[in-house]
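Structure record follows, encoded as structure tokens.
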Amino acid sequence: MKHARSDYDRIQDPAGLIPEDEPVFLLRAQDRIAWHVVKIYAFCAHLAGANDIAELTNEHAEKMKAWPVKKTPDLA
């Protein structure tokens with residue numbers, strides 16, 4: 001799996017389900033923008049008819065929103 005940020009390379013897929021060259025993108029709750037992006041993804045999932053995923057994603061976005069530590073996105 002290929003991360004957009006090299007400092008996230010330590011995050012791996014132990015089951016080997018993600019191909020080595022597949023791009024992935026990781027959002028952390030401490031990123032003050034992340035929960036907004038996850039809400040947008042949930043909305044898009046709902047529009048696509050993936051309502052179960054939309055519901056789970058919305059719940060996760062709320063957990064991210066409630067995370068007490070927030071900062072502006074940065075690079076390592």
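Of the conditions (1) out of contact with any helix residue (DSSP H, G or I) (no Cβ under 7 Å at 6 or more places or on another chain); (2) at pLDDT below 90, Ala76 fails just one. Which one is it?
Evaluating Ala76 over (1) out of contact with any helix residue (DSSP H, G or I) (no Cβ under 7 Å at 6 or more places or on another chain); (2) at pLDDT below 90 leaves (1) as the failure.
Given (1) more than 13 Å from the chain's Cα centre (by Cα); (2) part of a helix (DSSP H, G or I); (3) closer than 23 Å to Lys2 by Cα, where does Glu55 come up short, assuming only one miss?
For Glu55, the exception is condition (3).
Considering only residues that are assigned to a strand (DSSP E or B) and modelled with pLDDT under 95, look in segment 14-46 and name the one that is nearest to Ala66 (Cα to Cα).
Selected residue: Val24.
Is it true that some residue in segment 5-13 is in contact (Cβ under 8 Å) with a residue 60 or more places away in the chain and not in a loop (DSSP other than H, G, I, E, B)?
Yes; the residues of segment 5-13 include at least one that is in contact (Cβ under 8 Å) with a residue 60 or more places away in the chain and not in a loop (DSSP other than H, G, I, E, B).
Please count how many residues of segment 30-65 are hydrophobic (A, V, I, L, M, F, W, C) and in contact (Cβ under 8 Å) with a residue 40 or more places away in the chain.
The total comes to 1.
The values are calculated or read from the model by the stated rules, or taken from the named source; none is laboratory data. Computed from a predicted model, the values in this text were never measured in an experiment. Positions of Cβ are generated from backbone atoms using ideal geometry, with glycine treated the same way; all protein chains shown enter the neighbour counts.
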